[in-house]
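None of the figures in this text is laboratory data; all of them are computed from the coordinates on show. What you are looking at is a predicted structure, and each value in this text was computed from that prediction instead of being measured. When we count neighbours, we look across all protein chains shown, and the Cβ atoms used for this are built from the backbone with ideal geometry, even at glycine.
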Amino acid sequence: MRIKLNKKGIIALLTSSEVSADLGSRAKAIAAAAGGGNEVQVTRNRDRAVAFVRTATPQAQKAEATDRALTRAIDAGR
């Protein structure tokens with residue numbers, strides 16, 4: 001038995017507004033768990049939606065460098 005994937009359908013799903021919204025809420029939860037000074041960006045690439053959480057202040061950068069605050073907060077997005 002062979003399974004043929006519908007590539008257009010998969011791309012439509014992965015770039016949908018529902019997936020973007022879900023990724024955004026997960027990224028916001030990670031940013032909140034890491035503490036203040038983090039920013040969230042949700043965008044769409046060619047074939048999928050992606051979310052980024054970045055340090056936006058020197059204090060957040062220091063917290064990540066010394067305590068790995070953002071790295072530890074990744075479980076908040078599950």
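Label sites at ARG48 and ALA32, each approximated as a point 7 angstrom past Cα along Cα to Cβ, lie 2.5 nm apart. Put simply, when 64-71, 49-56, 27-34 are sorted by average Cβ atoms within 10 angstrom per residue, most first, you get 27-34, 49-56, 64-71. Between ASP22 and ARG2, how many nm apart are label points set 7 Å from Cα along the C-beta direction? Going from the ASP22 label point to the ARG2 one covers 3.0 nm.
Divide the volume of the convex hull around the Cα atoms of the chain by the residue count and you get 114 Å³ per residue. Could you grab the relative contact order for the chain? Cα pairs under 8 Å, six or more apart, rounded to a whole percent. Computed over the chain, the figure is 31 percent. With the cut-off at under 17 Å, measuring from each backbone N in segment 34-49 to a point 7 Å along the Cα-to-Cβ line of LYS62 picks out 35-38. Only helices reaching 18 angstrom along their own axis (Cα) with mean Kyte-Doolittle hydropathy no lower than 0.0 count here, and for the DSSP H runs of the chain these are 17-34.
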